[in-house]
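Shown next, in structure tokens, is the structure this report addresses.
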Amino acid sequence: MNRGIVFRTLPCVSLVLATIFFAWTTVPTTINAQVSVQAGEASMIGNGTSPLTAFVPQDVEINAGESVTWTNPTPVAEPHTVTFFTDDKLLAPPLAPFTVPNSTEFTLVTQGANAEPSIVPSSGSDNTSKTVVIDNARSSSPVVLDSTGKNVTFLKPNATYTMQGDEQYVNSGWMWPEGGVPPGAPFLATFTVKFEEPGTYPYLCIVHPWMTGSVTVN
């Protein structure tokens, strides 16, 4: 073989092999892929920091079968939720009024704490019941309402949930930054959702309703 032909061929072969290797190593994998979204972050103001109420990135695009994990990196004790819903009426307020028999007594768990339940004075002639305003578990806890809206499932803190696509309400619960969980509250800092069905899934933070985002599943 002509040596000149060999020398001219080698660079071409090397270029082809390098191109194949580069293409192979840069093809994005879609198997068990996971995207991370920050629920809130810090912005610099002067010499200090201020919490930024925004999802970063606000909109993400994934393939069916992939997951998105939300975390709360805020440097102060600022809670956020990741809440999917089909009707504005399903947005769960942080506090909710409940009627209990007037004879009901509430015992403080932490003796000596400066706390008592909020009781709304009864109106009219009903002296048999009273209205107590308490924490709404459907706002503060990870919870799912199925497609009928009748079946309620509470998830474990820092749960991973597989979205079917027909749920009426899916909520992460109040996610706190590490080290910022209030005393007595469960450590809840992340929420992961695996999306099986294509579509666009908008969501917001119950604590900051202007804080919105979306997940587009191909």
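The numbers here are math on the coordinates, done by the rules we state, and not lab data. Since we're looking at a predicted model, the values are computed, not measured. Cβ sites come from the backbone with ideal geometry, for glycine too, and all protein chains shown count toward neighbours.
Computed values, structure above
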| read-out | value |
| --- | --- |
| Electrostatic dipole magnitude of region 47-168 [Cβ: Lys, Arg +1; Asp, Glu -1; Cα centre; debye, to 20] | 340 debye |
| Check: region 117-185 dipole with +1 on Lys, Arg Cβ and -1 on Asp, Glu Cβ, in debye | 140 debye |
| For region 62-137 versus region 189-215, the gap between their alpha-carbon centres in whole angstrom | 21 Å |
| Separation of the residue 127 and residue 99 label points, Cα + 7 Å toward Cβ, nm | 1.8 nm |
| Spatially proximal lysines relative to residue 194 (Cα-Cα < 28 Å; intrachain offsets below 8 disregarded) | 89, 150, 156 |
| Relative packing of 110-119, 56-65, 162-171, 148-157, which averages over residues the other C-beta atoms within 10 Å, highest first | 162-171, 56-65, 148-157, 110-119 |
| Principal axis dimensions, largest first and in whole angstrom, of region 118-184 by Cα | 49, 37, 12 |
| Dipole axis of region 111-204 (+1 Lys, Arg; -1 Asp, Glu on Cβ), positive-most option in 201, 149, 137 | 137 |
